[in-house]
Amino acid sequence: MSECDFCCLPGARWLYVPQDRATVALMSDNGVVTPLPNDGRWRACNLCSHLVDTDDMERLVARSLTTLRTLGAPVPDGGLELEHMAMVVMANFATVLAGRPSKMPL
(Lines give C-alpha, C1' and ligand atoms only; values in the text may rest on other atoms or scores of the structure.)
Protein backbone atom coordinates (compact mmCIF):
# COMPACT_ATOMS: atom_id res chain seq x y z
CA MET A 1 0.00 0.00 0.00
CA SER A 2 1.31 3.44 -0.92
CA GLU A 3 2.21 6.05 1.67
CA CYS A 4 0.63 9.47 1.64
CA ASP A 5 3.23 12.06 0.59
CA PHE A 6 1.65 14.60 2.94
CA CYS A 7 1.23 12.72 6.24
CA CYS A 8 3.53 9.72 5.54
CA LEU A 9 0.92 7.20 6.67
CA PRO A 10 -0.02 4.19 4.56
CA GLY A 11 -3.29 4.36 2.70
CA ALA A 12 -2.74 6.77 -0.20
CA ARG A 13 -5.78 6.61 -2.46
CA TRP A 14 -5.30 9.65 -4.69
CA LEU A 15 -2.64 11.05 -6.98
CA TYR A 16 -2.22 14.75 -7.67
CA VAL A 17 -0.23 15.95 -10.66
CA PRO A 18 0.19 19.73 -10.83
CA GLN A 19 -0.30 21.30 -14.24
CA ASP A 20 2.12 24.08 -13.28
CA ARG A 21 5.11 22.53 -11.57
CA ALA A 22 7.10 24.69 -9.19
CA THR A 23 10.52 23.96 -7.79
CA VAL A 24 11.20 24.60 -4.12
CA ALA A 25 14.67 25.08 -2.70
CA LEU A 26 16.22 26.05 0.60
CA MET A 27 18.98 28.62 0.87
CA SER A 28 21.42 28.59 3.77
CA ASP A 29 22.67 31.73 5.49
CA ASN A 30 25.81 31.58 3.34
CA GLY A 31 23.83 31.37 0.08
CA VAL A 32 24.01 27.65 -0.66
CA VAL A 33 20.84 26.58 -2.47
CA THR A 34 19.52 23.03 -2.00
CA PRO A 35 16.51 21.99 -4.09
CA LEU A 36 13.90 19.88 -2.30
CA PRO A 37 13.31 16.60 -4.11
CA ASN A 38 9.90 16.57 -5.75
CA ASP A 39 8.92 14.67 -8.88
CA GLY A 40 5.69 16.68 -9.13
CA ARG A 41 3.42 13.77 -8.32
CA TRP A 42 1.85 13.70 -4.85
CA ARG A 43 0.01 10.72 -3.37
CA ALA A 44 -2.63 11.47 -0.74
CA CYS A 45 -4.75 9.56 1.75
CA ASN A 46 -8.45 10.43 2.01
CA LEU A 47 -8.00 12.97 4.82
CA CYS A 48 -5.04 14.75 3.22
CA SER A 49 -6.86 14.68 -0.11
CA HIS A 50 -9.78 16.52 1.49
CA LEU A 51 -7.36 19.15 2.85
CA VAL A 52 -5.76 19.56 -0.58
CA ASP A 53 -9.17 19.81 -2.28
CA THR A 54 -10.33 22.49 0.17
CA ASP A 55 -6.98 24.33 -0.03
CA ASP A 56 -6.56 24.03 3.76
CA MET A 57 -2.80 24.49 3.95
CA GLU A 58 -2.81 25.21 7.68
CA ARG A 59 -4.44 21.91 8.62
CA LEU A 60 -2.43 19.99 6.02
CA VAL A 61 0.87 21.25 7.46
CA ALA A 62 -0.31 20.65 11.04
CA ARG A 63 -1.38 17.09 10.17
CA SER A 64 1.95 16.41 8.50
CA LEU A 65 4.04 17.68 11.41
CA THR A 66 1.92 15.91 14.01
CA THR A 67 2.12 12.63 12.14
CA LEU A 68 5.85 12.97 11.56
CA ARG A 69 6.36 13.55 15.30
CA THR A 70 4.23 10.47 16.08
CA LEU A 71 6.35 8.43 13.67
CA GLY A 72 9.50 9.48 15.52
CA ALA A 73 10.82 12.31 13.36
CA PRO A 74 12.60 15.10 15.26
CA VAL A 75 9.82 17.69 15.03
CA PRO A 76 10.29 20.57 17.51
CA ASP A 77 7.58 21.12 20.11
CA GLY A 78 7.31 24.83 19.39
CA GLY A 79 9.17 28.06 18.95
CA LEU A 80 11.17 29.36 16.03
CA GLU A 81 12.45 25.92 15.01
CA LEU A 82 8.89 24.62 14.58
CA GLU A 83 7.95 27.75 12.63
CA HIS A 84 10.88 27.22 10.27
CA MET A 85 10.03 23.56 9.77
CA ALA A 86 6.39 24.44 9.09
CA MET A 87 7.49 27.01 6.49
CA VAL A 88 9.62 24.42 4.68
CA VAL A 89 6.78 21.89 4.69
CA MET A 90 4.33 24.56 3.52
CA ALA A 91 6.62 25.62 0.67
CA ASN A 92 6.96 22.04 -0.47
CA PHE A 93 3.21 21.39 -0.28
CA ALA A 94 2.55 24.63 -2.16
CA THR A 95 4.06 23.02 -5.26
CA VAL A 96 0.93 20.90 -5.55
CA LEU A 97 -1.69 23.28 -4.12
CA ALA A 98 -0.65 26.22 -6.30
CA GLY A 99 -0.02 24.09 -9.38
CA ARG A 100 -3.66 23.56 -10.45
CA PRO A 101 -3.36 19.81 -9.89
CA SER A 102 -5.35 17.13 -11.60
CA LYS A 103 -6.57 14.41 -9.24
CA MET A 104 -6.96 10.75 -10.06
CA PRO A 105 -7.49 7.59 -8.02
CA LEU A 106 -4.50 5.35 -7.42
All positions within region 54-69 that are open to solvent by 60 Å² or more (accessible area, probe 1.4 Å), closer than 15 Å to F93 by Cα and part of a helix (DSSP H, G or I): E58, R59
Considering residues of region 12-33 that are modelled with pLDDT of 85 or more and in a loop (DSSP other than H, G, I, E, B) only, the residue surrounded by the most Cβ atoms within 10 Å (Cβ to Cβ): A12
Search result, residues across region 89-106 that are aliphatic (A, V, I, L, M), assigned to a helix (DSSP H, G or I) and at pLDDT below 85: A91, A94, V96, L97
Tally of residues being within 13 Å of the chain's Cα centre (by Cα) and more than 18 Å from K103 (Cβ to Cβ) across region 26-58: 3
Selection status of V75, among the aliphatic types (A, V, I, L, M) and in a helix (DSSP H, G or I): no
Members of region 70-89 that are closer than 21 Å to N46 by Cβ, of a type outside the set (S, T, Y) and open to solvent by 40 Å² or more (accessible area, probe 1.4 Å): L71
Hits in region 39-50 (condition: open to solvent by less than 40 Å² (accessible area, probe 1.4 Å), modelled with pLDDT under 95 and within 19 Å of P10 (Cα to Cα)): W42
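The values are calculated or read from the model by the stated rules, or taken from the named source; none is laboratory data. On a predicted model such as this, the values are computed, not experimentally measured, just so you know. Don't worry about glycine lacking a Cβ; one is built from the backbone with ideal geometry, like all the others, and counts go over all protein chains shown. Surface accessibility is based on the protein's heavy atoms, side chains included, excluding ligands, DNA and RNA. Shrake-Rupley method; radii C 1.70, N 1.55, O 1.52, S 1.80 Å.
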